[in-house]
Amino acid sequence: MKKIKALVALALLAGLMILAGLGVGVGAGRAPDGFEDARQAMVARQLQRRDITDPRVLIAMGTVPRHRFVPAAQVSRAYGDYPLPIGEDQTISQPYIVALMTQWAEVAPGDKVLEVGTGSGYQAAVLAELTDKVFSIEIRPDLAHQAAARLQDLGYGQVQVRSGDGYQGWPEAAPFDAILVTAAAPQVPPAFTAQLKEGGRLVIPLGPSGGAQTLMRYRRVQGKLVEDASLPVRFVPLVRPEALKAAPGADPPAAPEPSPGPGAPKP
């Protein structure tokens with residue numbers, strides 16, 4: 001019975017791709033990699049059974065090879081419903097959180113998107129399935145270089161990656177239709193408001209490191225940010241440059257994110 005349900009879910013996803021004519025992202029023509037079943041099961045069980053309803057987001061999540069964005073020791077767990085460590089006290093978010101943030105960002109073809117906190121590059125790859133204008137900034141140089149090389153190797157060469165202070169955004173490329181922040185800040189950095197287009201979406205976790213945090217979605221309306229969705233979460237902190245220069249231990253270790261249930265808010 002479980003196998004039949006999984007096949008039905010996959011058939012529904014395939015139908016969405018055909019009806020919407022959307023299976024044309026960067027990875028649409030990629031050769032089979034042996035993880036197709038795991039990827040589609042992830043989409044059917046972790047995303048469609050919750051509140052991820054955007055066909056383009058579902059297709060992107062079912063296309064990007066998540067196992068290529070985790071360390072070799074974690075490959076067998078790549079499609080599980082949990083975050084995973086990627087080194088330097090950082091994590092790759094659980095698939096549901098990546099999908100939810102992407103859905104909340106409402107990325108349309110041609111939109112210019114900024115991601116703050118590149119990590120392994122997975123979120124950037126998902127965004128690159130939706131638009132060809134993705135900018136991603138990572139404060140840790142080694143992670144930035146590795147992610148850029150990985151994205152290039154997988155065909156996501158249109159993603160521009162650089163190492164720098166995420167609190168400053170990417171002023172040269174602004175304004176952005178959407179900004180996604182994959183680490184928690186105490187409050188919204190002013191640069192994000194300034195670099196967001198009118199009507200643009202900002203998705204960002206807010207709260208102290210190791211404490212209660214909330215994933216927020218804002219829209220810029222008449223120059224101000226207006227909240228319109230939220231969800232309790234747990235992210236690593238958005239680090240400032242001085243924290244990396246401090247003594248060991250200044251940058252707290254990664255904390256796992258919870259697995260929000262089916263009752264998570266819809267955009």
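Label-to-label distance, A73 versus D89, with points set 7 angstrom from Cα along the beta-carbon direction: 1.8 nm. Entry comment: accessible area of the range 44-96 is 36 Å² per residue, from protein heavy atoms only and a probe of 1.4 Å.
Each part reduced to its alpha carbon centroid, the range 218-235 and the range 36-82 end up 26 Å apart.
Rg then Dmax, both in Å and based on the Cα atoms of the range 43-200: 14.6, 43.
Looking at the range 157-241, the accessible area is 41 square angstrom per residue; that uses a 1.4 Å probe and ignores ligands, DNA and RNA.
Ranked by the mean number of other Cβ atoms within 10 Å of their residues, highest first, the peptides 32-45, 122-135, 103-116 come out as 122-135, 103-116, 32-45.
The values are calculated or read from the model by the stated rules, or taken from the named source; none is laboratory data. Remember, predicted model here, so these are calculated numbers, not experimental data. Ideal geometry is used to build each Cβ from the backbone, glycine not excepted, and the neighbour counts take in all protein chains shown. Areas reflect the complete protein model, heavy atoms only, side chains present, ligands, DNA and RNA absent. Shrake-Rupley method; radii C 1.70, N 1.55, O 1.52, S 1.80 Å.
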